[in-house]
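Have a look at the structure below, then the notes.
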Amino acid sequence: MAGRYDVIVLGAGAAGMMCAIRAGQRGRSVAVLDHAAAPGEKIRISGGGRCNFTNIHAGPKNFLSANPHFAKSALARFTPRDFLAMVESHGIAWHEKTLGQLFCDNSAKDIIRMLIDEMRAAGVELRLRTDFGAIEPIAGGGYRIATSEGALEASSLVIATGGKSIPKMGATGFAYRIAEQFGLPLVETRPGLVPLTLDPQLLQRLAPLAGIAAPAEIRHGKTAFREALLFTHRGLSGPAILQISSYWREGDEITVAIEPEIDIFITLKTARQANGRQSAQTALAEILPKRLAQHFAEGEGMSGNMADQPDRRLQQLAAAVQAWPVKPSGSEGYRTAEVTLGGVDTACLDSKTMQVKTIPGLFFIGECVDVTGWLGGYNFQWAWASGHVAGEAA
Ligand code: FDA
């Protein structure tokens with residue numbers, strides 16, 4: 001005899017646990033299954049171990065999707081304040097770091113503990129180290145799932161197995177296979193929030209800059225982010241690059257502006273007036289880290305004193321620093337990507353419940369759906385919100 005539940009959730013990540021909590025609170029019998037030895041492994045490593053668990057400003061504009069309106073309903077029905085209320089009811093200390101990003105004061109493990117406690121209180125059964133096999137619909141309604149622990153049945157089946165990012169942590173792409181099995185459309189998947197790589201020639205020129213970070217604006221078409229830029233041994237990283245990577249496509253150019261708050265041309269002109277005998281490199285080093293100043297000054301062939309530099313040359317130097325076109329050769333891929341863009345096409349889902357419109361009792365939530373947030377707590381907010389609304393309906 002197969003074990004039977006009202007709701008089976010596949011995946012004990014952020015979305016799956018939130019869904020299970022809400023369904024359990026409604027009196028549904030719920031099991032959450034995962035092949036991992038512990039729930040919420042990505043929560044544990046997130047935000048440098050402190051979990052950027054939401055963004056207080058999260059709204060539909062902070063998400064990428066083929067249908068930018070899809071996320072509105074879930075995000076409105078379970079807001080960052082709702083999640084914060086849960087965090088505070090468990091006495092978890094938190095702080096806002098920057099740009100509305102909320103982090104635990106102590107450890108991401110506080111969030112995992114909170115979710116486990118909430119699941120326990122809601123009577124949810126957590127079944128870890130469980131591998132999934134075939135999924136079949138049962139005649140008359142519901143689903144049968146073959147697992148390493150025997151067959152299980154449920155009226156509602158919620159797929160919350162995440163995306164392809166960081167396979168070393170157990171990411172499998174399982175949700176996409178299930179979507180295909182049920183004939184559901186997929187939006188092409190690709191790595192998001194990921195460092196960008198450079199071709200060997202450019203990388204060699206930038207090698208001395210590895211390890212340097214600076215405030216920057218990175219632009220791709222009409223989209224731009226102002227955050228830190230980091231030069232690495234493989235290419236470009238830092239929050240500004242991770243953000244733009246979700247918009248970037250193979251072959252595209254991005255534009256880098258370092259120290260975007262400063263008008264570098266005006267600053268150099270003022271420096272020339274104040275001290276005509278210093279070099280352009282020295283003047284630039286008042287604004288940029290020394291090695292960066294050297295890189296740009298040498299790159300523009302700036303020799304001699306500032307007094308020798310006409311406005312045109314100072315303008316060229318400023319443009320090199322603040323209108324620098326870069327053509328990344330690729331990205332670091334799923335190995336280091338924080339998220340997977342694309343996934344289960346929202347066109348086949350009901351935005352109020354995350355249920356497949358044409359298949360009663362089948363739900364997709366969290367990262368496996370074609371809704372991807374910016375860096376800064378937005379992806380967890382999507383996991384909580386989509387999980388919550390599915391838990392209300394499953
Ligand atoms: P998630 O991936 O969390 O969970 C899926 C679960 O399914 C896992 O437990 C997995 O083991 C299980 N599973 C998968 N395939 C399976 C199979 N075939 N059989 C059995 N089980 C299977 N976001 C944010 O908002 N703030 C942050 O600070 C960070 N930081 C961060 C750091 C790093 C390093 C990464 C990689 C990612 C982040 N993120 C983030 C993104 C965030 O972690 C991500 O968006 C959510 O974890 C997605 O939640 P899900 O529940 O959808 O999937």
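Going through the range 368-394 one residue at a time, which ones are farther than 29 Å from GLN243 by Cβ and buried (at least 23 other Cβ atoms within 10 Å of the Cβ)?
GLY391, ALA394
Okay, residues lined up against (1) in the same structural domain as GLY170 (by the TED database); (2) at negative phi; (3) not polar (S, T, N, Q):
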| site | (1), (2), (3) |
| --- | --- |
| LEU314 | no, yes, yes |
| ALA323 | no, yes, yes |
| THR346 | yes, yes, no |
| ASP350 | yes, yes, yes |
| GLN355 | yes, yes, no |
| THR358 | yes, yes, no |
| GLY366 | yes, no, yes |
| THR372 | yes, yes, no |
| HIS388 | yes, yes, yes |
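Which condition number in (1) near the ligand (Cβ under 9 Å from one of its atoms); (2) surrounded by fewer than 24 Cβ atoms within 10 Å (Cβ to Cβ) is the one that VAL339 fails?
(2)
Here is a list: LEU317, LEU362, LEU341. Which entry is modelled with pLDDT of 95 or more, hydrophobic (A, V, I, L, M, F, W, C) and in contact with an Asp or Glu (Cβ under 6 Å, 6 or more places away or on another chain)?
Within the list LEU317, LEU362, LEU341, the selection yields LEU317.
Within the range 160-217, how many residues turn out to be over 27 Å from ALA66 (Cα atoms) and among the basic types (Lys, Arg)?
Summing the residues that are over 27 Å from ALA66 (Cα atoms) and among the basic types (Lys, Arg) in the range 160-217 gives 2.
Here's the yes/no breakdown for (1) in contact with a Phe, Trp or Tyr (Cβ under 7 Å, 6 or more places away or on another chain); (2) at pLDDT below 95; (3) outside the structural domain of PHE132 (by the TED database); (4) of a type in the set (Asp, Glu):
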residue	(1), (2), (3), (4)
PRO167	yes, yes, no, no
ARG177	no, no, no, no
GLY183	no, no, no, no
ALA213	no, no, yes, no
ILE218	yes, no, yes, no
LEU229	no, no, yes, no
ARG234	no, no, yes, no
ARG249	no, no, yes, no
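Let me confirm something: among LEU317, LEU375, which residue is farther than 30 Å from PRO137 by Cβ and either within 16 Å of the ligand (Cβ to nearest atom) or in contact with a strand residue (DSSP E or B) (Cβ under 6 Å, 6 or more places away or on another chain) (or both)?
Residue meeting the stated conditions: LEU375.
Taking the range 156-214, which residues are more than 10 Å from the ligand (Cβ to nearest atom) and closer than 17 Å to ALA15 by Cβ?
Within the range 156-214, SER156, LEU157, VAL158, TYR176, ALA179, THR189 meet the criteria.
So, in the range 119-144, how many residues would count as being within 16 Å of the ligand (Cβ to nearest atom) and either in contact (Cβ under 8 Å) with a residue 40 or more places away in the chain or closer than 14 Å to VAL7 by Cβ (or both)?
Number satisfying all stated conditions: 12.
Being touching a residue at least 40 places away in the same chain (Cβ under 8 Å), within 27 Å of THR372 (Cβ to Cβ) and assigned to a loop (DSSP other than H, G, I, E, B): is that true of PRO215 here?
In short, no.
With respect to VAL389, determine if the residue is closer than 30 Å to LEU115 by Cα, out of contact with any Pro (no Cβ under 9 Å at 6 or more places or on another chain), within 16 Å of the ligand (Cβ to nearest atom) and modelled with pLDDT of 95 or more.
So VAL389 fits the description; yes.
Only residues in the range 52-71 that are touching a residue at least 24 places away in the same chain (Cβ under 8 Å) count as the first member; pair them with residues that are acidic (Asp, Glu), Cβ under 6 angstrom, at least 6 apart or cross-chain, and list the lot.
Final answer for the pair search is SER65/ASP370; ALA66/ASP370.
Does SER65 satisfy being within 22 Å of ILE244 (Cα to Cα) and crowded, with 16+ Cβ neighbours inside 10 Å?
Answer is yes for this residue.
When you scan the range 90-99, do you find a residue that is of a type in the set (Ser, Thr, Tyr) and modelled with pLDDT of 95 or more, even just one?
no
Can you find even one residue in the range 321-329 that is within 16 Å of the ligand (Cβ to nearest atom) and within 29 Å of PRO200 (Cα to Cα)?
no
With respect to ARG313, is the statement that it is surrounded by fewer than 17 Cβ atoms within 10 Å (Cβ to Cβ) and either part of a helix (DSSP H, G or I) or aromatic (Phe, Trp, Tyr) (or both) true?
Answer is no for this residue.
Can ILE365 be described as within 34 Å of the chain's Cα centre (by Cα), surrounded by fewer than 24 Cβ atoms within 10 Å (Cβ to Cβ) and of a type in the set (A, V, I, L, M, F, W, C)?
The answer is no for ILE365.
Here's a check for you: in the range 264-310, which residue that is in contact (Cβ under 8 Å) with a residue 60 or more places away in the chain and part of a loop (DSSP other than H, G, I, E, B) is surrounded by the most Cβ atoms within 10 Å (Cβ to Cβ)?
For the range 264-310, the residue satisfying everything is LEU288.
The values are calculated or read from the model by the stated rules, or taken from the named source; none is laboratory data. No experiment lies behind these values; they were computed from the predicted model shown. Neighbour counts are summed over all protein chains in view; Cβ atoms, including those assigned to glycine, are modelled from backbone coordinates with ideal geometry.
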